[in-house]
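The values are calculated or read from the model by the stated rules, or taken from the named source; none is laboratory data. Model, not experiment: these values are computed from the prediction. Note: ideal-geometry Cβ built from the backbone for every residue, glycine included; neighbour counts use all protein chains shown.
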Amino acid sequence: MSAQTSPVPFSIAIPTYGRDEVLVRTVAQLLAQQPPAAEILVLDQTVAHEPATNRQLQQWHTAGAIRWVRLTEPSQPAALNHGIREATQEIILCLDDDIEVDPSFVGAHAQCYADVSVVGVAGQVLQPGQTPRENYRQATTADPFGDLHFDFSSATATWVRNGMSGNLSFRREAALAIGGFDENFLPPVSYRFDAEFCARLCRAGGRIRFEPTASIRHLRAARGGTRASGSHLTSASPVHGVGDYYFALRSGRGWPRLRYLLRRPFREVCTKFHLAHPWWIPVKFIGELRALVLALRLHRQGPRLLGDTAP
């Protein structure tokens, strides 16, 4: 095998739930990378796939092209923690299961690790209809919540303290040192679990590089994934907001944290949708209060991280 096609020391970790054709297309693109990743882990939480999907995944698994890992309890943080435990490579690249990438995508992540100070790389994420945002600059701030609104469609490389798990790589050793992902971010949404992980990486002295050439086009498949939980706009369930409140409790301190906690319920009902459908405002507000109570309980219990037995 030539140097140009030698695998890079990456374990790609793809948590998947309720996806079929789009998952197969995603994996096929990753198998065609130049240079390829040394390992692809499909962390499958789907109860039952379509027959064609089962056949293709089994074929790849049998051939050694992927490792198809079946998990029983749907949870994105737990699936990625399993990936951290199972990975055999130095760098772990977490990806969504409904994406499009160019053949040089993995290489764009890999080149960033030539800088030994880099512990993580957050790649560009283009949502449907988006194009790269030129000349975007994120204001530097000491506020622990400052990078939460970073625009991942940016076309400008920079340092960040945040990342989206649909396109995020990191050194496995650094992830193990901080305990991996916090499984208190409850499924099916697990909102902000990746931001909290990145915040801990940075507090431990790590640096995260945003690299726009490591770009994905997120397809936002209508079925499966977090969209299996329904719309957050009309729900009184706490699952849509609990992760954000829990993130604030875990990552913030003092007045910035209190301000963030107090603003969120009102921000969530001050939307164009709720202005046009005001009868949903009390429903949504109840969901926010339930989410805050649940987050307080989780915070008192303490985080659920990877154990000391991880290899």
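Miscellaneous remarks
- Top-ranked residue in segment 93-131 [being among the hydroxyl-bearing types (Ser, Thr, Tyr) and within 20 Å of residue 175 (Cβ to Cβ); ranked as modelled with the highest pLDDT]: 113
- Evaluation of residue 235 against (1) out of contact with any Leu (no Cβ under 9 Å at 6 or more places or on another chain); (2) of a type in the set (S, T, N, Q); (3) at pLDDT 95 or above (one fails), failing number: (3)
- Flag if residue 42 is under 19 Å from the mean Cα position of the chain (by Cα) and in the same structural domain as residue 216 (by TED's automatic domain parsing): yes
- Among residues of segment 265-311, those that are acidic (Asp, Glu) and either closer than 30 Å to residue 86 by Cα or in contact (Cβ under 8 Å) with a residue 60 or more places away in the chain (or both), counted: 1
- Residue in segment 133-148 that is closer than 22 Å to residue 217 by Cβ, under 19 Å from the mean Cα position of the chain (by Cα) and surrounded by fewer than 17 Cβ atoms within 10 Å (Cβ to Cβ) present: no
- Residue match in segment 66-80 (condition: more than 23 Å from the chain's Cα centre (by Cα), under 23 Å from residue 187 (Cα atoms) and surrounded by fewer than 19 Cβ atoms within 10 Å (Cβ to Cβ)): no
- Selection status of residue 251, among the hydroxyl-bearing types (Ser, Thr, Tyr) and over 30 Å from residue 33 (Cβ atoms): yes
- Positions within segment 266-285 being among the aromatic types (Phe, Trp, Tyr) and either surrounded by 16 or more Cβ atoms within 10 Å (Cβ to Cβ) or not assigned by TED's automatic domain parsing to the domain that holds residue 233 (or both), in sequence order: 280, 285
- The listed residue being crowded, with 16+ Cβ neighbours inside 10 Å, at positive phi and at pLDDT 95 or above, out of 179, 225: 179
- Residues satisfying the stated conditions in segment 229-286, i.e. closer than 20 Å to residue 197 by Cβ and aromatic (Phe, Trp, Tyr): 245, 246, 247, 260
- Qualifying residue in segment 184-196 (condition: crowded, with 21+ Cβ neighbours inside 10 Å and on the phi > 0 side of the Ramachandran plot): yes
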